[in-house]
Amino acid sequence: MIQKYYKIVSCSTKKISNMKFRYYLLALLSLSLMFNACNKPDDTIGIPVEQADRSEQQIIDNDSLIGYLETHYYNSGDFVGNPSPSINDLIIDELNDGETVPAEHTLLIDAVETKTTFYFDTDYEYYVLKLNQGAGVTPNFTDTVRLNYSGNLLNESVFDNSVNPVDFDLTNLIRGWALAIPEFNTSQSFVENGDGTVSYSNSGVGVMFLPSGLGYFSEISPEIPIYSPLIFRFELFQTRVNDHDGDGVPSYLEDIDSDKNVANDDTNNNSVPDYIDPDDDGDGVLTINELEPKTYTVNTNEGEQEPILGSKEFEISRTESNGVITIKTVTIMDSNNDGVDDYLDNEVTIDYSE
């Protein structure tokens, strides 16, 4: 199945930092095999689960999340004037009956931002706590991000976490991640330490509070009961723009209906979403060949500066030798000016590679 979200776990086979997305079919097959290989047999497999109505379950989950946010507070004072906080700095405590929120602390319900989305024909609400915005770039919802994270249930039990920074492709994760992570920025800078570790400065740090419908919903797991709302703490370090099928069009631009879900965009109706389809319009000319190529040569020895790319121009490769940088780009074209880009218009078969 194309639209599959893989559980965020610490198993090393789930980390995708070095995945070559250019060979999209191989990538999808590999991910599927890794998903099956990493999980031990579970006695619950094969037991049918009665599917809850998503709209009804969302009401239940939202009540649970609101109940949690109204009865828990965090150490907000420790994040004031702190340019490089960590998720390890966050302390969340329960407010018992008769207690008041201590000084330099804030009730979660008063600090979170309420977000909404429409998914599987259901209106969802989820909540984001911004501890630090970060000063780097904003990831796209289809990017690969490097971060630290911790996941727990509303009863505070931790079901997963990372010890060292890990890389995740947001298109392969539960829906909530693709929605919440792009609300933050990456680190402003980083330093490679002598021991092989990396120190990051001014990273995006936050918490997402998700209903089960934006998490694992009815998926059976020994660590996460079905229909569980989830809490993920994270600190966002770096991001990389993905082009999953290597067709020259960044994957985030292949979200034709702008719903932040590339799995349901299939221009030529061949059951392969555009972001992993090398010929999006099915006209027989590969997408990358329907983009206009260009090569720039920048001699830094002579003080030359890199070019400023056009609004629909994207770098696909670069090499450097003796101070000379060679940059290859492609530009999305609309040769007949009909408002439909050539690579999505099956009536236009211009091959710019010839």
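Quick notes
- Here the condition is being free of Cβ contacts under 8 Å to residues at least 12 places away in the same chain and among the acidic types (Asp, Glu); of Asp345, Asp281, Asp351, Asp338, it holds for Asp338 alone.
- Restricting segment 154-196 to residues that are charged (D, E, K, R) and outside any loop (DSSP other than H, G, I, E, B), the residue that is farthest from Thr138 (Cα to Cα): Asp160
- Residue count for segment 67-94 satisfying the condition of being open to solvent by 40 Å² or more (accessible area, probe 1.4 Å) and over 24 Å from Leu236 (Cα atoms): 3.
- Qualifying strands (runs of 3 or more DSSP E) (wholly inside segment 237-337; at least 2 residues being of a type in the set (A, V, I, L, M, F, W, C) and open to solvent by 30 Å² or more (accessible area, probe 1.4 Å)): 313-321
- Tally of residues being of a type in the set (Val, Ile, Thr) and in contact (Cβ under 8 Å) with a residue 24 or more places away in the chain across segment 177-196: 2
- Output for segment 304-320, where each listed residue is over 13 Å from Pro293 (Cα atoms) and of a type in the set (S, T, N, Q): Gln305, Ser311, Thr319
- Of the residues making up segment 167-214, those that are among the β-branched types (Val, Ile, Thr) and farther than 27 Å from Asn82 by Cα are Thr171, Ile174.
- Criterion violated by Thr122 - all others in (1) over 20 Å from Ile224 (Cβ atoms); (2) over 18 Å from the mean Cα position of the chain (by Cα) satisfied: (1)
- Hey, Glu347 closer than 26 Å to Ala263 by Cα, open to solvent by 40 Å² or more (accessible area, probe 1.4 Å) and part of a loop (DSSP other than H, G, I, E, B) or not: yes
The values are calculated or read from the model by the stated rules, or taken from the named source; none is laboratory data. In this text, all values refer to a predicted model and were calculated from it rather than measured experimentally. We place every Cβ from the backbone using ideal geometry, glycine too, and count neighbours over all the protein chains shown. Accessible surface areas use protein heavy atoms only, side chains included; no ligands, DNA or RNA. Shrake-Rupley method; radii C 1.70, N 1.55, O 1.52, S 1.80 Å.
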